[in-house]
Amino acid sequence: MSTIVHVAIPSVLTFYPFNYLFTQHNTTSSYFNIISCNLYFATWTCLWTSIWTLERWLVAANFSSMTKFLEAWPNRAPGWIVIFINSLGSLLATVDLFVNWPKLPERLQLGYISVTQYEWSWLLFVPAVTIPISAAFFLIEIFRVTQSDGQNLKSDRENFVEGLCITLLALFWTPTLFIATTPGGAADQVGNAYFFIWLSSIVVTETFLWWVRDWRMAVHNVMRMQKEEYKRAQEKVLRMHQHEIEEHLANEEK
């Protein structure tokens with residue numbers, strides 16, 4: 001097993017960066033728009049296959065897999081990590097389109113001439129804001145002190161700030177998706193920007209719904225605890241009242 005691991009390490013470390021750089025080259029706007037869609041999707045398929053192969057190798061070599069790494073993070077850290085990755089991809093893809101579309105052949109430039117400067121600014125602003133916010137929340141989980149019972153609970157203030165941030169991001173990404181990917185938008189053509197904007201919007205929405213579910217559960221738990229506390233107080237008052245009645249009856253018998 002050790003021989004296989006030693007042979008696989010240089011192979012994986014060499015193959016994966018090469019495949020990543022190959023994907024970067026073949027899927028940028030300046031290159032993809034003059035090649036066929038087959039090469040575009042085949043290139044991304046090769047990259048995802050290499051990632052899958054790396055995951056299989058990590059499991060076979062008894063290392064911690066990427067899937068387990070994400071699942072091991074507490075609270076909504078996995079969602080914030082995926083938001084960070086997709087937002088970074090959206091920003092890089094949008095910058096690529098913004099810089100390179102004037103260099104495309106004239107027949108391809110027609111799809112971008114109608115895109116206003118305000119739209120470009122908005123498409124760059126949203127992922128640029130999302131990246132530091134998502135990075136902050138998953139970095140908080142790294143430095144959070146684990147309690148003695150192994151739980152990583154957030155304070156009410158942190159939950160409020162997180163809910164406010166993810167709600168604002170959901171409000172940002174929803175119109176961004178429709179503006180960018182509808183006909184006439186900057187990312188209405190099949191390409192990196194199109195897919196990364198879609199993925200970012202989906203992940204932000206899913207994380208927002210995750211927070212809403214946890215918030216509703218927290219409200220439900222608070223209401224249940226208050227109900228139980230009220231019930232205990234009510235039973236205590238009834239016992240005291242019953243005790244007073246019994247004392248009163250005992251005094252009358254005397």
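Quick rundown of the values:
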quantity: Distance between modelled label sites at Leu171 and Asn100, nm, 7 Å Cα→Cβ extension; calculated: 3.5
quantity: In nm, spacing of pseudo-spin labels at Met223 and Phe63 (7 Å Cα→C-beta vector); calculated: 4.8
quantity: Backbone HN-Hα couplings from phi across the stretch 78-94 [Karplus 6.51/-1.76/1.60, Hz, Gly and Pro as x]; calculated: x, x, 5, 5, 5, 4, 4, 5, 6, 5, 4, x, 5, 5, 5, 5, 5
quantity: Three-way shape call for the stretch 75-215 based on the alpha-carbon gyration tensor, with the a/c threshold at 1.5; calculated: prolate
quantity: Additional length obtainable on full extension of the chain from Cys46 to Met240, 0.36 nm per residue less Cα span; calculated: 62.3 nm
quantity: Hz values of 3J(HN,Hα) by residue in the stretch 124-132 - Karplus curve (6.51, -1.76, 1.60), Gly and Pro given as x; calculated: 7, 5, 4, x, 5, 7, 5, 4, x
quantity: Computed label-point distance, nm, for sites Thr53 and Phe125 using a 7 Å Cα→Cβ extension; calculated: 4.4
quantity: Amide hydrogen neighbours beyond the local backbone of Arg76, cut-off 5 Å, H modeled; calculated: none
quantity: Extended-chain gain in nm, criterion 0.36 nm per residue less alpha-carbon gap, Leu92 and Tyr118; calculated: 7.6 nm
quantity: Whole-Hz couplings from phi, Karplus 6.51/-1.76/1.60, listed for the stretch 177-193; x for Gly and Pro; calculated: 4, 6, 5, 7, 9, 6, x, x, x, 5, 10, 7, 8, 4, x, 4, 4
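FYI, it's all coordinate maths here, none of it is from the lab. None of these values were measured; they are calculated from a predicted model. Cβ sites come from the backbone with ideal geometry, for glycine too, and all protein chains shown count toward neighbours.
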